[in-house]
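First, the structure itself, so that you have it in front of you.
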Amino acid sequence: MLKKIIFQFLALSFIFTYNAQSAESGGMPQLNPEFWISQIFWLVLTFGLLFIILSKFILPKISNNLETRKSQILENIETADKQREETEKKVKEFDKIINDTKVEAKNFFNSERQKVLDDINNKRLSLEKDIEKEIIKADEEIDQLKKTSQEKVIKIAIETSSDLVKQLIGEDINKSSLSAIVEDLSKKEMEKHNGI
Amino acid sequence: MAANPMYQFNVYRIGPEIKISNIDISFTNASLFMVISSLAILIIFNLGTKRSIIPNKIQLLAELSYSFISKMISDTAGSKARPYFSFIFSLFMFVLFCNMFGMIPYSFTVTSHIIVTFVLAAFIFIGVTIIGFIKHGLGYLKLFVPSGVPMVLLPLIVVIEIISYLSRPISLSVRLFANMMAGHTMMKVFGGFVVSLGIVGGWLPLGFSVALTGLEILVAFLQAYVFAILTCIYLNDALNLHH
């Protein structure tokens, strides 16, 4: 139904417009030569001016702009390349410096350690020597003390024994004989003590 | 009156009648739109000449058009056509802007008049022929004698070649004129349907009208491109004689 109405409308409108158009003066205005000369004149004038202004003033500027941009871009790329190379060089140098310092630090550390170890060794050696000397000295002293103490013990023993004898008997006895007895006894005792 | 689809192509006088020794060169609506198109081109491309390394939008437009036409010329006519760049650029832009301004409702399409397109085409034809004779002398006539054609057929071929060469300005001008006129007439007819069918039945032709507008904008660009590229091809024949 709706389709039919639309179709009728279309058909009617076509008839109406056709009538309206045919009622007016037909033909193409393009083929009316009344304004041909005027159109040619204005076309030549406007297009000529457009061509002259574009070719003399505007297009050279645009092409110039494009050229400068091109060259600028090339230049920038060149400088960027150069800078990149420089950076690479710098990075290499930096790496080299770091490596060198590392090696140096290692060497330094090693040598210092060696030094310290040597020092410690030396000190230990000298200390050991000193200790040995001290020990020897002490041994000697001990020996001497042993000897002197024996004599002193003997002397004391003689004196105490003479005193004892004096108090027991009430008279002095020959010291030399006493000492001989004491010495003999002490020797025996010493031998027994020393395990000889 | 306004329902006549051909009415939009009427040329009428704007302002006083100007006559130089009995020749009428009055300023008409056609002249007005030629002036408007030229001014628009000049303004847009003049704004596009700012010297900045990073272009703004108008500069980008101008530079892209420049490279587009530059590429078109070097592709079709080679590097020898470089001196004619400005002319082809102006031609393309003029035709394009006239076509595009014609797409504005109630405006006038300069290129829908056979006399305008014919003058452009005739100028190109004459110019290309002169360039051909300057570059190759009488050797340019070899254009009409294709190589590798049997002697028997040669008279016929030469006649055909000459006719095809002479018909170049006509085909070039009629192509542009007919396209513009047909498109605008069709749009006008559908617009008339919209009015006469009113609110009930007018939607269908309105849709057609909208679709046609898009198509016509495409045609407006395409015809300007075709006009320019055919000029390049004719120029190529004149500059690099292949036959």
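Each value in this text was obtained by applying a stated rule to the coordinates, not by laboratory testing. It should be emphasised that the depicted structure is a prediction, and the values quoted were computed from it without experimental measurement. Cβ atoms come from the backbone with ideal geometry, glycine included; neighbour counts cover every protein chain shown.
Pairing the Cα long axis of helix A:2-23 with the longest principal axis of chain A, what angle in degrees results, from 0 to 90 and rounded to the nearest 10?
It works out to around 50 degrees.
Counting only helical runs of four or more DSSP H residues, what would the 222 nm mean residue ellipticity of the protein assembly as shown come to if each run contributes -39,500 (n - 2.57) and the total is spread over all its residues? Intermediate results must be reported in sequence, preceding the final value.
Numbers: 11 runs with 336 residues, N = 439.
Calculated from helices alone, the mean residue ellipticity at 222 nm is -27500 deg cm²/dmol.
On to the next question. May I ask for the angle, rounded to the nearest 10°, between helix A:36-53 and the longest principal axis of chain A, with both axes built from Cα atoms and the value confined to 0 to 90°?
Between the helix axis and the principal axis of chain A, the angle is about 20 degrees.
Could you please rank B:108, B:227, B:133, B:87, placing first whichever residue has the fewest other Cβ atoms within 10 Å of its Cβ?
Numbers: B:108 24, B:227 27, B:133 14, B:87 19.
By the 10 Å Cβ count, ascending: B:133, B:87, B:108, B:227.
Right, here's the next one. Might you report the magnitude of the Cβ-based charge dipole of region B:7-239 about its Cα centre, with Lys and Arg at +1 and Asp and Glu at -1, to the nearest 20 debye? Provide the component values of the computation, followed by the final result.
Details: 13 positive and 7 negative charges, 89 e Å.
For this selection, approximately 420 debye.
FRET efficiency for residue A:141 and residue A:183, Cβ-Cβ distance as r, R0 = 35 Å, nearest 0.05?
On the way: r = 24 Å, r/R0 = 0.68.
About 0.90, to the nearest 0.05.
Mind sorting B:213, A:87, B:28, B:117 by how few other Cβ atoms lie within 10 Å of their own Cβ, fewest first? Please list the in-between numbers first.
Values: B:213 15, A:87 10, B:28 22, B:117 28.
Neighbour counts put them in this order, fewest first: A:87, B:213, B:28, B:117.
Tell me the volume per residue, in Å³, of the convex hull enclosing the alpha carbons of region B:7-239. Numbers along the way, then the final one.
Values: hull volume 47.6 nm³, N = 233.
Here the figure is 204 Å³ per residue.
Relative to the present Cα-Cα distance, how much length would full extension add between residue A:92 and residue A:191 at 0.36 nm per residue of separation? Display every interim value, and only then the final one.
Numbers: separation 99, 0.36 × 99 = 35.64 nm, distance 8.63 nm.
Working it through step by step, the gained length comes to 27.0 nm.
Stretch residue B:171-residue B:68 to full length: gain in nm at 0.36 nm per residue minus the Cα-Cα span?
Numbers: separation 103, 0.36 × 103 = 37.08 nm, distance 2.47 nm.
Contour length minus the Cα-Cα distance gives 34.6 nm.
Another question, if that's okay. How high is the relative contact order of region B:7-239, in percent, with contacts defined as C-alpha pairs under 8 Å that are six or more residues apart? Let's see the in-between values first.
On the way: 232 pairs, mean separation 56.5, N = 233.
Averaging sequence separation for qualifying contacts and normalising by length gives 24 percent for region B:7-239.
While we're here: If you stretched the chain out fully between residue B:195 and residue B:107, how much longer would it get, using 0.36 nm times the residue separation minus the C-alpha to C-alpha distance?
Values: separation 88, 0.36 × 88 = 31.68 nm, distance 1.90 nm.
Going from the current span to full extension adds 29.8 nm.
Still on this structure: Give the average, rounded to an integer, of partner chain Cβ atoms located within 10 angstrom of each Cβ in B:67-74. Can you show the working numbers first?
Values: counts 3, 0, 1, 4, 0, 0, 0, 0.
Mean shielding count: 1.
What area, in nm² and to one decimal, does the C-alpha convex hull of the protein assembly as shown cast on average over all directions? Could the numbers behind the result be given before it?
Numbers: hull surface 263.4 nm².
Taking a quarter of the hull surface, the average projection is 65.8 nm².
Another question, then. What residues qualify as long-range amide H neighbours of residue B:28, i.e. H under 5 Å apart, gap of 5 or more or another chain, H built at 1.01 Å from N?
For residue B:28, whose amide H was placed from the backbone, the distant partners under 5 Å are B:14.
If you don't mind, there's one more thing I want to ask. Residue by residue through A:59-67, how many Cβ atoms from other chains fall within 10 Å of the Cβ on average? Kindly include the intermediate steps, with their values, before the conclusion.
Values: counts 10, 2, 7, 12, 6, 2, 11, 6, 0.
Mean inter-chain Cβ contacts per residue within 10 Å come to 6.
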